[in-house]
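I have placed the structure first, in the form of structure tokens, so that the comments after it can refer back to it.
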Amino acid sequence: MMPARDRLEPEMQANNQAIFDKVCAILKTHAEADTEITPDTQIAADLAIDSVEMFDLVMEIEEVYDISFPIEEASAIDTVQSLIEAIERITDV
């Protein structure tokens, strides 16, 4: 019998992929630069998203996921991966 952790892992990966796909779609609407988005993509540097656009992006993600980012959480987001991890923490995925 598989440990519970091993049974949950594919589901967690699927949730992570679903969040990544949704975040990428949202980022593409805000990005000035046309670049491939990966988890390591720097939101400001690689996608040319400035602080005002980042605020709009965070507000849109809050609306999509029905969450609220604490100010310190939102200000720490710099990569796509850090954004996904913040969403996972707040939504308890």
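Scanning the stretch 34-41 finds one or more residues that are at pLDDT below 90 and more than 14 Å from the chain's Cα centre (by Cα). Scanning the stretch 83-93 for residues that are surrounded by fewer than 16 Cβ atoms within 10 Å (Cβ to Cβ) and under 18 Å from LEU27 (Cα atoms) yields a total of 1.
Restricting attention to the stretch 1-33, and to residues there that are open to solvent by 90 Å² or more (accessible area, probe 1.4 Å) and farther than 23 Å from ILE67 by Cβ, which single residue is modelled with the lowest pLDDT? Filtering the stretch 1-33 for residues that are open to solvent by 90 Å² or more (accessible area, probe 1.4 Å) and farther than 23 Å from ILE67 by Cβ, the one modelled with the lowest pLDDT comes out as ARG5. Selection of first residues in the stretch 36-56 that are more than 20 Å from GLU88 (Cβ to Cβ) and of second residues that are open to solvent by 50 Å² or more (accessible area, probe 1.4 Å) and not in a helix (DSSP H, G or I), restricted to Cβ pairs under 6 Å at least 6 apart or on distinct chains, gives the following pairs, ordered by first then second residue: ASP46/THR35; ALA48/GLU32. Of all the listed residues (GLU72, GLU63), the sole one being within 23 Å of ASP92 (Cα to Cα), modelled with pLDDT of 95 or more and either surrounded by fewer than 16 Cβ atoms within 10 Å (Cβ to Cβ) or among the polar types (S, T, N, Q) (or both) is GLU63.
The values are calculated or read from the model by the stated rules, or taken from the named source; none is laboratory data. Treat the numbers as computed from the prediction; the structure is a model and nothing was measured. All Cβ positions, glycine included, derive from the backbone under ideal geometry; neighbour counts span all protein chains shown. To get the accessible areas, we keep the full protein, side chains included, count just its heavy atoms, and leave off ligands, DNA and RNA. Shrake-Rupley method; radii C 1.70, N 1.55, O 1.52, S 1.80 Å.
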